[in-house]
1. Take the residue pairs 127/205; 81/166; 127/166 and return only those whose Cα atoms are more than 20 Å apart.
2. Please identify the DSSP H helices in the chain that span no less than 15 Å along the helix axis (Cα) and have a mean Kyte-Doolittle hydropathy of 0.0 or more.
3. Distance between the C-alpha centers of region 123-160 and region 17-76? Whole Å please.
4. Once you compute Rg and the Kirkwood Rh from C-alpha atoms, what is the Rg to Rh ratio for region 6-227?
5. Please identify, among 132, 83, 215, the residue showing maximal mean-square fluctuation in a Gaussian network model of the chain using a 10 angstrom Cα cutoff.
6. Counting only DSSP beta bridges with both residues in region 6-227, what percent are antiparallel, rounded to the nearest 5?
7. DSSP loop GluC sites (Glu not before Pro) in region 29-107 with at most 14 other Cβ atoms within 10 Å of their Cβ, which ones?
8. When only C-alpha pairs under 8 Å and at least 6 residues apart count, what is the relative contact order of the chain, in percent?
Amino acid sequence: TPECEIAVSPPIPFLEVLVRELGATRLIGLCGQDCASQEKGAHTGDVSAAMLAEVGCSYVLVGHSERRTNHAETSSLVRDKAAMALSQGLMPIICVGETEAERETGRAITVVKTQVSRSLPELATGKNVIIAYEPVWAIGTGQVPNSHEISEMHNSIRENLRRRLKAEANLVPLLYGGSVRASNAKEIIGLQNVDGVLVGGASLKFEEFWNICVAYGNLKRDASGARK
């Protein structure tokens, strides 16, 4: 629907297949799952931002929790990847989020605030980056923070961005990711400072994913009608 902007992030080998399937009048954006922090060079196994742009991507995920955890990626490296994405005309989706231990010890806000500050590239503006909050303990587990916890974190991220980007911080889309399903999408998307969702496992089932998109579209359409 016009109210719902959709981008999909398949494994790298399938990007070109999707470009062919979607055709010239693409209504669905393409997103890389990661990119190298260097423009070029001998980096076997890496995929450059330029390659993603060439194949037709508009976005790229950087700092996904699985990259931070399984590949020991630091926020400094995430920042460099985001900067490289910007240099190639891609919009980086910068992922941040705390572990269960960090949440239980009351450090969630501080941890995420630090990740945002250190992952944001120097040339970031309100119009060229996206922040995705994905609590590590909620990914694929079925556990979801309650509405207060999500709102509190997203409000904190927005406030943190204001220190860096001033008024433009209000333009940065903030996504929530972590066990998003059709059954909870409407409630999550309706929260203050939640501008969309980063869907994981639910995106593997078409009907589930489509119902999330419909929930988003309906909510935005209702909000638009209320403003009129």
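1. Over 20 Å Cα-Cα: 127/205; 81/166.
2. Working: long enough: 75-87 (18 Å, 0.37); 108-119 (16 Å, 0.33); 147-165 (26 Å, -1.36); 206-227 (32 Å, -0.37).
For the chain, where a helix must reach 15 Å along its axis and average at least 0.0, the hits are 75-87, 108-119.
3. 21
4. Taking Rh as the inverse mean 1/r over Cα pairs, Rg/Rh reads 0.95.
5. Sorting by GNM fluctuation, first place goes to 215.
6. Percentage antiparallel, nearest 5: 0.
7. Those satisfying the criteria are 39.
8. 16
We did not get these values from a lab; they are worked out from the coordinates using the rules stated. The structure displayed is predicted, hence computed values, not measured ones. No Cβ is skipped: glycine too gets one built from the backbone with ideal geometry, and neighbour counts run over all protein chains shown.
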